[in-house]
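Everything below concerns the one structure shown next.
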Amino acid sequence: MILGLPKEIKDNEYRVGLTPAGVRALKDAGHEVLVEKTAGEGSGFEDNLYQRAGGRIVDSAEEVWATAAMIVKVKEPIAPEYPRMRAGQLLFTYLHLAPDNELTEQLLKRKVTGVAYETITDRRGTLPLLTPMSEVAGRMAIQVGAHYLEKMSGGRGILLGGVPGVPAARVVVLGGGVVGTNAARMAMGLEAHVTVLDVSLPRLYELDLQFGAMLNTIYSTIDTIEENVLAADLVVGAVLLRTRQQVPTGAPAEATATS
């Protein structure tokens with residue numbers, strides 16, 4: 001099969017769908033991989049690394065899309081990429097179709113088969129391709145939140161870990177899944193006072209065993225959310241919102257941070 005690796009064009013997207021190691025693995029399996037020129041530049045992978053791995057560098061995204069039977073991306077196609085999709089093509093990427101009716105219509109109209117990373121499940125019913133992104137989201141939530149607590153960023157001048165004689169910040173994490181666990185871990189690593197709220201007592205029990213006295217775990221109700229959020233310096237939202245689409249129990253969610 002001929003696989004195509006176009007450069008991501010969505011605003012502020014620097015990732016790439018395949019590393020040179022991934023290209024090499026596909027090449028060794030008997031596939032041909034077309035790589036758009038500078039596709040991996042934002043992730044620190046120069047063209048010569050892809051060439052050494054067996055990839056073929058092409059000059060334009062149009063050539064990649066027109067030739068490849070399967071396109072490997074990171075983010076969903078955006079408007080300039082719609083005309084490049086063609087019937088029978090396989091698209092392997094994060095799609096997140098629920099809020100994007102236009103993209104859904106385009107995939108149907110152009111008869112493209114989309115395989116969404118975020119929907120792939122393993123034998124345990126978990127989401128192996130979404131989980132790493134949720135881990136990143138949880139850790140980044142604390143990093144970004146700490147930045148915006150700084151005075152120069154418009155915050156109140158609060159240091160998450162405090163200093164001798166000054167109390168540490170109070171961090172509240174709503175949700176104890178993959179995002180919430182990683183956010184709590186990062187905040188505790190910075191010596192903040194951390195509380196996790198969740199509606200699952202078994203999950204709170206697991207977190208209590210994992211982190212011990214370093215972490216406060218509280219069953220989530222309207223009252224406990226209100227009480228803890230109002231007292232917090234940093235709040236991380238890490239709750240999986242159920243929709244009509246069936247999502248496995250314990251699946252990760254995206255994270256947001258507010259202060």
* **Gain upon complete extension [Thr121, Thr221; 0.36 nm per residue less C-alpha separation]** => 33.0 nm
* Residues in region 1-39 that a label on Leu97 would reach, taking backbone N under 15 Å of a point 7 Å out along Cα→Cβ -> none
* **Per-residue HN-Hα couplings for region 110-115 [Karplus 6.51, -1.76, 1.60; θ = phi - 60°; Hz; x = Gly/Pro]** => 8, 6, 9, 8, x, 10
* Please list the non-local residues whose amide H lies under 5 Å from the amide H of Leu91, H modeled 1.01 Å from N, same-chain partners needing a gap of 5 or more. => Ile71, Thr113, Gly114, Val115
* Rank-order 131-137, 107-113 by packing density, defined as the average count of other C-beta atoms within 10 Å over each peptide's residues, highest first. => 131-137, 107-113
* If contacts are Cα pairs under 8 angstrom and at least 6 residues apart, what is the relative contact order of region 103-255 in percent? -> 25 percent
* Which pairs break 21 Å Cα to Cα here: Lys7/Lys75; Lys10/Lys111; Lys73/Lys111; Lys37/Lys75; Lys7/Lys109? -> Lys10/Lys111; Lys7/Lys109
* Structure fact -> The simple spin-label model distance between Glu46 and Tyr148, using points 7 Å out along Cα→Cβ, in nm, is 3.8 nm
* Asked: Counting only heavy atoms of protein chains, what accessible area per residue, in Å², does region 4-125 have with a probe of 1.4 Å?
  -> 53 Å²
* Relative contact order for the chain: what is it in percent, counting Cα pairs under 8 Å that are at least 6 residues apart? -> 14 percent
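The values are calculated or read from the model by the stated rules, or taken from the named source; none is laboratory data. No experiment lies behind these values; they were computed from the predicted model shown. No Cβ is skipped: glycine too gets one built from the backbone with ideal geometry, and neighbour counts run over all protein chains shown. Note: areas computed on protein heavy atoms with side chains; ligands, DNA, RNA excluded. Shrake-Rupley method; radii C 1.70, N 1.55, O 1.52, S 1.80 Å.
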